[in-house]
Amino acid sequence: MLLEEIKIRQLTNQYLLEPADKYTVVRGLCGVQAQFMVHALHSLKIRTTDYDEATVRDGLVKNWTIRGTVHVFAESDLPVFMHCNNGADYRRRDWGGYSYRNPQGQWQWALTPERQKVLAERILAALEDSARTRDELKEVCRKNGMTPLEEASMFDQWGGGIRELCERGFINYTVQEKAGKKEYCLSPDFVPIPEDTAKLEIARRYFTHMAPATVRDAAYFFGTTQAQVKKWLSSLPVASAEYNGKTYFYIENGKSYDQDIPDCLFLAGFDQLMLGYEKKESLYLPPLHRRAIFNLAGIVMPAVLLHGEVVGRWRRKNRKLSVELFSGLGQAGISVIKEKAMTVWADISQIEIQ
């Protein structure tokens, strides 16, 4: 298989050449990463046929899923992504201490099981009436005696007690933000499915809708071992192709791959086209520019793809679009970028190319 063929298959399977309805897209992509809601929504906008700012959030939820990061996905997929310890922890209301550490290892858990139960119950009661922001839930807990140390545990920025409520199937993030604040709501009832079954289903979706991909690509995307990926592959109806000494696996999905690589794409921050494959072996991102997209703070910047290669990054504020190019482009390339920008954002009044 040629490089261009692999790219066209990946771009098509990721709905960047053949958009689909939002439910098909979020299921096929295993959700979209959502540290910043604006990026998650843009990721859907460039891939969906039914994108509507007023209704795009309907039927979607946000929670901790792949790689231990927050993703937007279909509410009907809660059983696929929320394993709840194979169902043993689903809606379990006793607490025995927190099992997570933040990435810096600076964890000081200040909640006794009894206090965590009290605060968890207060949060759930507050959400019965309506969704509430993080700050609103903090205030509810403070009124019930939450100390600053307890607050640091219950509302730790890496998850804390709030994350445990999410992972036990009690609550989700809403797929919107109230005055720029993260918001939570009660989760609908669902029946968790066994974790091994769920993960195999997610792997099936990956090799159907994000592949062709190598074992290393899949291990990177899922945050797992290559041995685990090979185990999944042994249970899936994959085909394979060779390119540049690597084996790429995929599941046939009936799509045709007769389109050309698009002239220009404005990818979202944390876009699945950047996260779906091992970043050091990306077919789209030249090594020289890797740090400009994957920065040291863990942010994946919005990338500009020109003729199938990342050439810069973009930022939009109000009606102004700023594009930072990583190297010089001719006027023809700049014109392509500007023309594409006008089709993505009809309200853009100023485009700045740096």
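The values are calculated or read from the model by the stated rules, or taken from the named source; none is laboratory data. Note that the structure is predicted; figures quoted are calculated from it, not measured. In this analysis, Cβ positions are derived from the backbone assuming ideal geometry, glycine residues included, and neighbour counts consider all displayed protein chains. Only protein heavy atoms, including side chains, enter the accessible area calculation; ligands, DNA and RNA are left aside. Shrake-Rupley method; radii C 1.70, N 1.55, O 1.52, S 1.80 Å.
In the stretch 322-336, the count of residues that are of a type in the set (A, V, I, L, M), open to solvent by less than 50 Å² (accessible area, probe 1.4 Å), within 24 Å of residue 6 (Cα to Cα) and at pLDDT 95 or above is one or more. Number of residues in the stretch 26-69 that are farther than 13 Å from residue 271 by Cα and surrounded by 17 or more Cβ atoms within 10 Å (Cβ to Cβ) equals 13. Scanning the stretch 1-25 for residues that are within 18 Å of residue 59 (Cβ to Cβ), surrounded by fewer than 19 Cβ atoms within 10 Å (Cβ to Cβ) and touching a residue at least 12 places away in the same chain (Cβ under 8 Å) turns up 19, 20, 21, 23. Checked against the criterion of being open to solvent by 60 Å² or more (accessible area, probe 1.4 Å) and over 18 Å from residue 10 (Cα atoms), the stretch 256-278 contains not a single residue that satisfies it. Each residue in the stretch 216-238 was checked for being of a type outside the set (Gly, Ala, Ser), under 18 Å from residue 282 (Cβ atoms) and open to solvent by 20 Å² or more (accessible area, probe 1.4 Å), and 4 of them qualify.
Elements of the type strands (runs of 3 or more DSSP E) sitting completely within the stretch 272-354 and holding at least 2 residues that are under 19 Å from the mean Cα position of the chain (by Cα) and either farther than 27 Å from residue 25 by Cβ or of a type in the set (A, V, I, L, M) (or both): these cover 303-306.
Counting the residues of the stretch 217-247 that are assigned to a loop (DSSP other than H, G, I, E, B) and either over 13 Å from residue 67 (Cβ atoms) or hydroxyl-bearing (Ser, Thr, Tyr) (or both) gives 8.
In the stretch 188-201, is there at least one residue being hydroxyl-bearing (Ser, Thr, Tyr), open to solvent by less than 50 Å² (accessible area, probe 1.4 Å) and on the phi < 0 side of the Ramachandran plot? No, because not a single residue in the stretch 188-201 is hydroxyl-bearing (Ser, Thr, Tyr), open to solvent by less than 50 Å² (accessible area, probe 1.4 Å) and on the phi < 0 side of the Ramachandran plot.
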